[in-house]
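This report concerns only the one structure given below.
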Amino acid sequence: MAVIDFLRKINLTGWIFIGIICGILTGWLVGEPALVVAEPLGDMFIRLLRMIIIPLITASLISGISSIGSGEGLGRLGGKTFIYYMSTSIMAITVGMIIMNVVSPGYGIHLDLGAVPETFKETTSVWQSVYSLIQSMVPTNLVAAIADGDILPLIFFCILFGIFITRLPEKGRVLFTDIFSSFFEIMMKITHLVIMVAPIGIFGLITKVVATTGFDALVPLLKYFFCILGGLVFHAFITLPLLLRLVGRVSPVRHVKAMTPALLTAFSTASSGATLPLTMECVEKRAGVSNKVTSFVLPMGATINMDGTALYEAAAVLFIAQTYGIHLDIVQQLIVVITALAASVATAAIPKASLATIPMIMAAIGVPFEGIAIIQVFDRILDMCRTTVNVFSDSCGAVVIAKTEGETPLAG
Ligand code: ASP
């Protein structure tokens, strides 16, 4: 009885750790014979992840964009907020990718996990690639493109679809917004279910890594960990404070002080959704942003603005590609930027949610999904850090937008 009670108290993160430890032990002690069980478990998990990619992108992008609203004021505020959020996420992604390209922590690890060349989409000359990139965003047959697993055309179409929902007459707009927000809620529930079985899948994948590769992969992982951490620190301590100072005209130190309760909650819960009430409280009561801006900008931020997640996901995919010895050219890196942006919008504001959206980026450039397992080793701590950056960026967004609306946050 006591044992069952104890097991019940272990949360998802605890189970994922157990999965990783059991995977390491099984792979090490049992070796290749363990693959009979480990491989189907890992494979099933990856199938589940693949299964949710297309509906998740569709639901999250359309519901996110259509919820920007169409009323004059709301439309203007929504547009501004959207542009601000997307720009900071792109800045974060760029920092992460520069660090990964310069340090290249993944080269030198050789994971024997599966076929790369068949899935990896080689490109030819740069101009030809840029042209085919633009071309591939506009499919002649959307359904065929989706069936082929092409992510970019789907993103392009969903953005258009979401924008034009906001242009519909009231009746249709409300109807479509409701349908897609319910669709998104359903997808969140399915995603949650997939994340719940993650410990078993990760056990299978880690067992396979250790049984076939040994421990070689674990040491360079530390380098990967510090690269991501460095990127997050850069974004939180340089990029965002600069925006606060130059655009928001407020003191970054005072803003951080005002936001401390929310930032600590984000760090300890690893969920920007769970932190949202506190974020709103701190931004409104302690940073002095109006309720009008707070109540619009922050819920939207918690849903679509995840700078830390965007940085993490892009950098993680680059790392995984490097472990396969894949060199991504400039166009492929551009695809990573676009899809990481979309993936961060699609990521739920809950712990570990990136696990479900990283495959979108991998699918777009054809990096094998199996690589996801190794990055799980440091995922919890990085989740805590990236969530803190996500919340901090939302709060900076509220201050900057408030300033452009004529308010004076943190005055006095
Ligand atoms: N845990 C993150 C958040 O809630 C999402 C993620 O990157 O997994 O913001």
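We did not get these values from a lab; they are worked out from the coordinates using the rules stated. Note that the structure is predicted; figures quoted are calculated from it, not measured. Please note: Cβ atoms are built from the backbone with ideal geometry, for glycine as well, and neighbour counts cover all protein chains shown.
Some observations on this one:
- Average Cα contact separation per residue, the chain, under 8 Å, 6 or more apart, as relative contact order %: 32 percent
- Summing charges over neighbours of V377, with a neighbour being any other residue whose Cβ is under 13 Å away from its Cβ, gives 0 when K and R count +1 and D and E count -1.
- Per residue, the convex hull volume that the Cα atoms of the chain enclose (Å³): 150 Å³
- Compactness of the stretch 338-382 - radius of gyration and Dmax, Cα, Å: 10.5, 27
- Cα-based values for the stretch 298-352, radius of gyration first and Dmax second, are 12.5, 40 Å.
- Principal axis box of the stretch 244-307, alpha-carbon based, largest edge first, Å: 29, 23, 23
- Net charge of neighbours whose Cβ lies under 13 Å from the Cβ of A2, counting Lys and Arg as +1 and Asp and Glu as -1: +1
- Max mean-square fluctuation residue, GNM over the chain, Cα-Cα springs under 10 Å, options A236, A310, A274: A274
- Evaluated at q = 0.13, 0.15 Å⁻¹, a Debye calculation over the C-alpha positions of the stretch 316-412 (equal weights, vacuum) places log10 I(q)/I(0) at -0.57, -0.70.
- Cα-based equivalent ellipsoid, the stretch 140-201: semi-axes from gyration tensor eigenvalues, Å: 27, 20, 7
- With 5 Å bins from 0: P(r) over the stretch 169-309, alpha-carbon pairs, percent: 2, 7, 10, 15, 16, 12, 12, 11, 7, 4, 2, 0, 0
- Unsatisfied cross-links (Cα-Cα over 23 Å) in the set K80/K352; K9/K352; K257/K285; K80/K292: K80/K352
- C-alpha long axis of helix 252-269 to longest principal axis of the chain, angle in °: 40 degrees
- Computed over all pairs of different Cα atoms, the Kirkwood value for the hydrodynamic radius of the stretch 15-96 is 17.0 Å.
- Within the stretch 216-256, the ratio Rg/Rh, alpha carbon atoms throughout and Rh by Kirkwood, equals 1.28.
- Of the peptides 291-304, 349-362, the order by per-residue mean of other Cβ atoms within 10 Å, starting with the highest, comes out as 349-362, 291-304.
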